[in-house]
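Right, one structure below, let's go through it.
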Amino acid sequence: MVRNFIVSITRSGISLSGTALAVAALVLMLSLFALEQFGFEGGPYLGILTFLILPMIAVVGLILIPIGAVLWRRKMNRLSGSESMPMMPVFDLNVPKTRHWLLILLAATMFNIIILSTATYKGVEVMESVEFCGMACHAVMEPEHTAHARSPHSRVSCAECHIGPGADWFVKSKMDGAWQLVAVALDIYPRPIPTPLHNLRPARDTCEQCHWPTKFVGDKLSVIKTYEEDEENTELTTALLLHVGGEEGAGSTGIHWHVDPNVAIRYRSDETREEVYEVEFTDVDGTVTDFRDRKAPEDGGIWRSMDCVDCHNRPSHIYQPPGKEIDKAISAGLIDRTLPFVKREGLRIIDAEYDSHEVARVAITDQLTQFYTDNYPDQSAEASAAVQTAANTLGDIYSVNVFPQMKVWWNTYPNHIGHEQSPGCFRCHKKSMRTEERVAISRDCDTCHVLLAEREKDPQIMSTLKPE
Ligand code: HEC
Ligand code: HEC
Ligand code: HEC
Ligand code: HEC
Ligand code: HEC
């Protein structure tokens, strides 16, 4: 009888706590949701509470109700020593009261389904947000989140590169995500998070949703300012004309030729992709050329089809070496170039390991101030504001590139564009990577760029490009 069922629900402690849990969670959820509708900004944590944690509690509560009922019946049966009470309720729809109760039960279930599915939908939205990815696991993702925020992709969400469109990758990412939550909760995640990501979705489905792989970029001028480690912080200029190329007319040229849909490049490398053993290149007409590093192991390693990420492995999480960061800061006027030896001293001070960002900032300020009071006591009073600004900038640089709690130091994540921070292009473009006929993948500087000036004081080319 239905009445028996109701009795078992209301008598069983488990069912009662289940009901209490479900009702409390649903009421809280509804009120938080209402608050949010009225414009209350709670940040990512409120979203996680409202749309992930409370619904889970509500579901647990709802599941506890029938479990409690069944357990209570078992106990009653055991106590009375008979089978007088059936384990499951018998619904006799001819009894008006049963129909009544059934309707109420159905209405309540519908209500729960609507609330829980809305919550699931909102929960997914929360999980796809940059805030969730970057901040929910704050300490874990701090390096990636910080680097993303100052990258050209700061307006592109984590999910657009890491999940992309379609249901299958969505489900896969949620399954990975569930494991990651467990790993974070149990504190068993790796530090630093290893790179490369071997299960990153192919660039065709992510990068190429926004970028045309064959777009013709042509030659791109890149002017780089660097500073010597001398007293004057002498400024040097490098100017490159990069042959980015792309598809033009019948074929592709230049650097973006690698991603022409008509050619295919596969390569075999170690886990880190820093050591390339073998490159297999299939041309437009189907001819296959095999380049092999004579020093590399004959077999083993991992084969991979080359795509955007093999060069642009840091489109969003860009960490720079300390020297490069200081050069950029001096060039941008964030560090006063007239401070003697500021390049050399800055580099010495930040290219070190400190226990935290706070410790680093204090140590950087102390050491830089110390240097100027010791070595330039006459000027140190009037320069003190400039020294303080420089120290703050150096602290900022440290804090966006080094993350001690995640064991992310300078160059934990090398950049494969170019050949400065890692072998980059030279992983394949090197003398030892050659065919049986000893033809190597070209390492001629002009294959990739024209060096218009290389670390020159006042290069002629700059006055041509920017006439006074
Ligand atoms: C423009 C595309 C893009 C966006 C946006 C993006 N990522 Fe990534 N991310 C990548 C690529 C590409 C790699 C892997 C590089 C590799 O495997 O060599 C990566 C790697 C990672 C890694 C592994 C560690 C590492 O640095 O190699 C983590 C963790 C990560 N991303 C988290 C995030 C988070 C969190 C966000 C949002 C705050 C985000 N990503 C946004 C493209 C992106
Ligand atoms: C959701 C769209 C979107 C996706 C997905 C995306 N990008 Fe971008 N990308 C952009 C936008 C927007 C810019 C900035 C353009 C600007 O600032 O002029 C950009 C800029 C770039 C740049 C130029 C950066 C610079 O220094 O100016 C590169 C390189 C790049 N993306 C590579 C990638 C790669 C590689 C991927 C895949 C891992 C990717 N993008 C995924 C939208 C996207
Ligand atoms: C062989 C290496 C390589 C591959 C593969 C590659 N790129 Fe590039 N890409 C470069 C280099 C080098 C530059 C110029 C870098 C710079 O500006 O400093 C560049 C520049 C760009 C730019 C900026 C262009 C501009 O107008 O300034 C975008 C966007 C870009 N790449 C997207 C992609 C996408 C999307 C893919 C995959 C379909 C891809 N790249 C594949 C090496 C590569
Ligand atoms: C995975 C191996 C690999 C990597 C990494 C790689 N390349 Fe290549 N690249 C090749 C192969 C293979 C060829 C074709 C060589 C040949 O035909 O002799 C090629 C050819 C080229 C060409 C000539 C294209 C043309 O017009 O025929 C340029 C330019 C080039 N690469 C630039 C770069 C740059 C810049 C980088 C780094 C950002 C880079 N490559 C990284 C394998 C690679
Ligand atoms: C396979 C392609 C390739 C070859 C070969 C190559 N380079 Fe480069 N080089 C690049 C790319 C790509 C960049 C730009 C990286 C960036 O955008 O930051 C670069 C950057 C540079 C820079 C500027 C570095 C900086 O950031 O200060 C210098 C200097 C340079 N190359 C010198 C050379 C010289 C000298 C040779 C010949 C021995 C050479 N390169 C051969 C691809 C190549």
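The values are calculated or read from the model by the stated rules, or taken from the named source; none is laboratory data. All figures in this text were calculated on a predicted structure; none of them were measured in a lab. When we count neighbours, we look across all protein chains shown, and the Cβ atoms used for this are built from the backbone with ideal geometry, even at glycine. Accessible surface is based on the protein model in full, side chains and every heavy atom, while ligands, DNA and RNA are left aside. Shrake-Rupley method; radii C 1.70, N 1.55, O 1.52, S 1.80 Å.
Things worth noting here:
- Relative contact order for the chain, counting Cα pairs under 8 Å that sit 6 or more residues apart, in percent: 14 percent
- Residues residue 114 and residue 28, FRET efficiency given R0 of 22 Å [Cβ-Cβ distance, rounded to 0.05]: 0.85
- Take the chain with all the other protein chains still there, run a 1.4 Å probe, and you get 58 Å² of accessible area per residue.
- For the stretch 275-347, the set of trypsin sites (Lys or Arg not before Pro) satisfying both a DSSP loop assignment and a count of at most 11 other C-beta atoms within 10 Å is given as 294, 295.
- Heavy-atom surface analysis with a 1.4 Å probe gives the stretch 322-406 a carbon and sulfur content of 51 percent of its accessible area.
- Anisotropy class of the stretch 132-189 from Cα gyration tensor, a/c 1.5 cut: oblate
- Folded to 0 to 90 degrees: helix 380-401 orientation relative to the chain principal axis, Cα: 50 degrees
- Linear extension gain, residue 353 paired with residue 205, 0.36 nm per residue minus alpha-carbon span: 49.4 nm
- For the stretch 142-166, the residues whose amide N sits under 14 Å from a probe point set 7 Å from the Cα of residue 312 along the beta carbon direction are 151-157, 160-162.
- Inter-site label distance for residue 420 and residue 266 at 7 Å from Cα along Cβ, in nm: 3.5 nm
- Only Cα pairs under 8 Å and 6+ residues apart enter the sum, and on that basis the relative contact order of the stretch 123-224 stands at 25 percent.
- Classified by the C-alpha gyration tensor, the stretch 410-468 has an oblate form. Its axis ratio a/c, with a ≥ b ≥ c, is 1.5 or above, and a/b does not exceed b/c.
- Mean separation of Cα contacts under 8 Å, 6 or more apart, over the residue count of the stretch 326-406: relative contact order %: 43 percent
- Nearest-ten-degree value, helix 54-80 long axis tilted from longest Cα axis of the chain: 30 degrees
- Loop-located GluC sites (Glu not before Pro) in the stretch 270-308 (DSSP state other than H, G, I, E, B) with a sparse environment of at most 11 neighbouring Cβ atoms within 10 Å: 271, 298.
- Global form of the chain, assessed from the alpha-carbon gyration tensor, a/c cut-off 1.5: prolate
- Spin-label pair residue 183/residue 405, simplified geometry with 7 Å Cα→Cβ offset, distance in nm: 1.8 nm
- Calculated FRET efficiency, residue 288 to residue 216, Cβ-Cβ distance, R0 = 30 Å: about 0.65 to the nearest 0.05.
- Cleavage-rule hits, GluC sites (Glu not before Pro), the stretch 306-409, DSSP coil, Cβ neighbours within 10 Å at most 11: 353
- What a 1.4 Å probe finds exposed on the stretch 2-128 is 74% carbon and sulfur by accessible area, rounded to a whole percent.
- What the phi angles of the stretch 411-425 give under the Karplus curve with 6.51, -1.76 and 1.60, with θ = phi - 60°, is a coupling list of 6, 5, 10, x, 9, 8, 6, x, 8, 8, 7, 7, x, x, 4 Hz, glycine and proline written as x.
- Here the gap between residue 298 and residue 103, fully extended at 0.36 nm per residue and compared with their Cα-Cα distance, gives a gain of 63.0 nm.
- The stretch 132-189 - percent of accessible surface contributed by carbon and sulfur, probe 1.4 Å: 67 percent
- Here residue 388 and residue 454 are evaluated by their C-beta separation; at R0 = 35 Å the FRET efficiency comes out at 0.50.
- Theoretical gain in end-to-end length, residue 463 to residue 6 [0.36 nm per residue, Cα-Cα removed]: 155.6 nm
- For residue 220, solvent-accessible area (1.4 Å; no DNA, RNA or ligand), Å²: 110 Å²
- Cα long-axis angle, helix 322-331 against the chain (0 to 90 degrees, to the nearest 10): 70 degrees
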